[in-house]
Structure formats: structure tokens, C-alpha cells
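Some notes on the structure that comes next.
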Ligand SMILES: Cc1cc2nc3c(=O)[nH]c(=O)nc-3n(C[C@H](O)[C@H](O)[C@H](O)COP(=O)(O)OP(=O)(O)OC[C@H]3O[C@@H](n4cnc5c(N)ncnc54)[C@H](O)[C@@H]3O)c2cc1C
């Protein structure tokens, strides 16, 4: 392969594109990653979010050797309390009910990206083209497929799109998708509080949107990370903006003791993108480029990681069989393996948000009944914990 000819090009060096590259390198398969940013800005990204990493994703990271590089900078989730508004804690998910370890781990996004980038830059199987934005894709002829960038044409046998929610690769490959704007905004920030969190996460559902408070590892202060979803009408209201802390305190209700401080606040408009096709010719979509879901259940990254993991296994099979990276039968089998997991989570998060946001007597009754049924059924609780932990295989 020459400098501009690659078997596999990955577009996007987010958490999914980088992990996919490492999974391929583990199988001794060469890849080239392109990203529109330079290395400096990828390292300095203004992402203040944390990610709830499921047990399943943790196991993938551990096998790849990524987990130990996080050097204990993660917080285990031991329990999750779920309630309607400030009601008593209707459901308590406890890791002790299953013998699978913590329910998940909270890790800072900047740390994950820095660690992945470091590992990628050490691998002899991965080349990197920074400041390279895809302007067009030409793959009418699979044997002469290339992407156009500002300065150069890059030839590929397979293009893996991992360029996120607003994927341009998806657009250039003409892959259609379902889109819905939730008209909601997620406010993301950290808080410090007087009491210890003991690895407890909290999810409170309000008619204006859900509030998630996630435990953060910090040896100096008691800290949690907040994802507070609010209807965009409310979020843009001047009175709400002025009273932000007061409004938050009402919903937080001293759960971990008195609120001490709030960090800088970042806003994320919420929407869903879900592709009708996972691949088209020799372009395949993974992570948010394929399905970007509501963060209500903290599952977007975990779902994307499963895409990356199973696609890497599929491409390993192509290699073992002496086939081209793009092989129609193997890609169809990849699609079959992923379709249930994707469809289920896109629909579940969409419906959960619909049910748990919004006012109205009927919805409120439904929510309360639903939570009560759940709370009383150990079977339902354990099964949903296993799904959320990424330990239930949804491969067809
Ligand atoms: C508020 C919030 C909280 C969340 N919390 C959780 C959670 O707790 N757990 C969980 O599992 N998920 C969570 N998610 C979802 C998770 O953040 C995403 O699923 C994940 O970050 C997607 O990663 P990605 O690599 O697919 O895409 P991105 O992170 O969007 O990466 C895309 C990459 O592609 C590059 N790129 C874009 N366009 C181009 C182009 N034209 N040419 C070249 N390069 C390009 C970008 O520079 C970037 O590096 C949350 C999401 C939100 C909004």
C-alpha cells in the first residue's frame, strides 16, 4: 500500500474510531485514521462529560490493555436509585444482586480520549492523517474507491465512518436515516457536595426532563457529574438561566448533602439519528455516525463500542479466509449481528424519554405503575441490569 492507498480507512478519531483502530491493530490489521482536527485540538477537546462505561465495555477495554492505562482514575457504580421526581427511591439497582462486579464505571471523556490517542500513536499498524476532512466519497467502483480531501485523494478498500452524530461520511455515502429533534437540552457539569457518594448514581425523572447524577472519583473532594435534561423552551428562558443553580438545587434536594459548588456548564442539544442501513457498498458506519441516541440511559458509547468490537471480529474473519476487507456476505452477517441491539436501544431510549418526560395525569400514572412493577420484580430488575451492563448478547 502506498501513502495514499489503504486497505481500511477510518474517518473520525473520537472514542469509537480510536478504539476500533486499536481493535484492528490487536488483530495485526493495518488501518489509517483521518480526522479533521490536528493532534493538539484532539487532545485539548472541550469535552467536560464523563461516560458511564458498562461492564461489557470495560471488558473490551481491559482486554485491549486500555483499562490499566486509566490508572485507577475511574469510579465504580455500585448502586443506581431511580425515582419519579423527588419521590422515594422507587427502584434500587444494586450490583450485589448479580455476581458480575460493579454496574459500570464513570470515567472522564478527556482521559479516555487521551489514553486512546496515546496507544494509537504507539501502534505500528495505525497511521494517522490529522487536519484531513472528507469532502466527497467516490465508491461507484469498489476497486477504485477514494475519498476526496482538500489536498489529496485517499484510496480505500473499505471506509469505516466513525465521524459522529453529524457524520459527513454518512451524507456523502448517501445513507438515509431517521432523525428526531427532542427539543431538549442536556446541561452537563460537575458538582461538589458535603457527603460521600459511595458509588451511588441517581436518576430522577421530572416532567421537564430527567436528571442524572453520577459518582466521580476524586480523592480530595466529594464530587459527582450531572447530566440534567431540560425542555429547550425552559432551557432558553432568561428567568431559568438566572435561577439555574436554585432550580438545580430544588431537583438535587441535598441527595449527597449540601451543594458546595458547580463547575462550568456545557449545553448539548438532544436529538436522535438512526440509519436505515448500517453499510452501503464498501462504506460502513459505526458509533454515533450510525446511531446517535438520547443520553437518558447512558448507552451511546457502549452501543458504539459493540459496533467496533463486532466489526473488528468480522474483518478478522475476512482476513483469515483470505478475502477482501469488504465482503458482501460477511458484511450482511455483521449487519445481522448488530441489528437487534441497535434497534432495541434506539427505540428503548426514545420511548423511555417519551414516557418519562412531559406532564399529564395519564403519563404520570403510567410512570408510577411502571416503576412499581419494576421495583417488585427481581427478575425484571436483574435482566435490565444485565442489558444495561452490556452482558446480554443481542447478536442474532
Ligand atoms: C450529554 C451526553 C452524555 C452522554 N453520556 C454517555 C454515557 O454516560 N455513556 C455512554 O455510553 N454514552 C454517553 N453519551 C454518548 C457518547 O458520548 C457518544 O455515543 C460517543 O461519544 C460517540 O463517539 P464517536 O466516536 O462515535 O463520535 P464523536 O465523539 O462525535 O467523534 C467523531 C470524530 O470524528 C471527527 N470528524 C467529524 N467530522 C469529520 C469529517 N468530516 N472529517 C474527518 N473527521 C471528522 C471529529 O473530529 C471527532 O474526532 C453521552 C452523550 C451526551 C450528548
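Using only alpha carbons, region 240-396 has a radius of gyration to Kirkwood radius ratio (Rg to Rh) of 1.08. To the nearest ten degrees, helix 109-122 and the longest principal axis of the Cα atoms of the chain are 20 degrees apart.
Summed over qualifying helices (DSSP H, 4 residues or more, each -39500 (n - 2.57)) and divided by its residue number, the chain shows a 222 nm mean residue ellipticity of -11000 deg cm²/dmol. If I build a Gaussian network model for the chain, linking alpha-carbon pairs within less than 10 angstrom, which residue out of 145, 41, 192 has the largest mean-square fluctuation? Among 145, 41, 192, the largest mean-square fluctuation in the Gaussian network model of the chain belongs to 41. Compute the acute angle (0 to 90°) between the alpha-carbon long axis of helix 361-376 and the principal axis of greatest extent of the alpha-carbon atoms of the chain; round to the nearest 10°. It is inclined by approximately 80 degrees.
What the Cα convex hull of region 184-230 gives, in volume per residue, is 63 Å³. Placing one equal scatterer on every Cα of region 248-301 and applying the Debye formula, the log10 ratio I(q)/I(0) at q = 0.28 Å⁻¹ is -1.10.
Between rounded, prolate and oblate, where does region 1-143 land on the alpha carbon gyration tensor, with a ≥ b ≥ c its root eigenvalues, rounded for a/c under 1.5, else prolate if a/b exceeds b/c? Prolate is the answer for region 1-143, as a/c is 1.5 or above and a/b outweighs b/c. Please label the shape of region 328-368 as rounded, prolate or oblate, based on the square roots a ≥ b ≥ c of the eigenvalues of the alpha-carbon gyration tensor (a/c under 1.5 means rounded; beyond that, a/b larger than b/c means prolate, else oblate). The shape class here is prolate. Here the contact order of the chain, divided by its residue count and restricted to Cα pairs under 8 Å and six or more residues apart, works out to 21 percent. Relative to the longest principal axis of the Cα atoms of the chain, the long axis of helix 55-64 lies at roughly 40 degrees. The slack between residue 47 and residue 135, meaning 0.36 nm per residue of separation minus the straight C-alpha distance, is 29.1 nm. Just check region 200-282 against the gyration tensor rule for me: Cα atoms, a ≥ b ≥ c as the square roots of the eigenvalues, rounded for a/c under 1.5, and otherwise prolate or oblate depending on whether a/b exceeds b/c. Oblate.
Tell me, what does the Kirkwood hydrodynamic radius of the chain come to in angstroms if you use every pair of distinct C-alpha atoms? So the Kirkwood estimate lands at 22.0 Å.
Gyration tensor over the Cα atoms of region 88-162: the corresponding equivalent ellipsoid has semi-axes (square roots of 5 times the eigenvalues, largest first) of 42, 18, 13 Å.
Judged by the mean number of other Cβ atoms found within 10 Å, the most tightly packed of the peptides 267-276, 230-239, 157-166 leads the ranking 157-166, 267-276, 230-239. For the peptides 284-290, 218-224, 53-59, the ranking by packing is 284-290, 53-59, 218-224, with the highest mean count of neighbouring Cβ atoms within 10 Å listed first.
Read-outs throughout are calculated quantities, based only on the coordinates presented, and are distinct from any laboratory measurement. Keep in mind that what you see is a predicted model, and the values were worked out from it rather than measured. Counting neighbours? That spans all protein chains shown, and the Cβs are built from the backbone with ideal geometry, glycine included.
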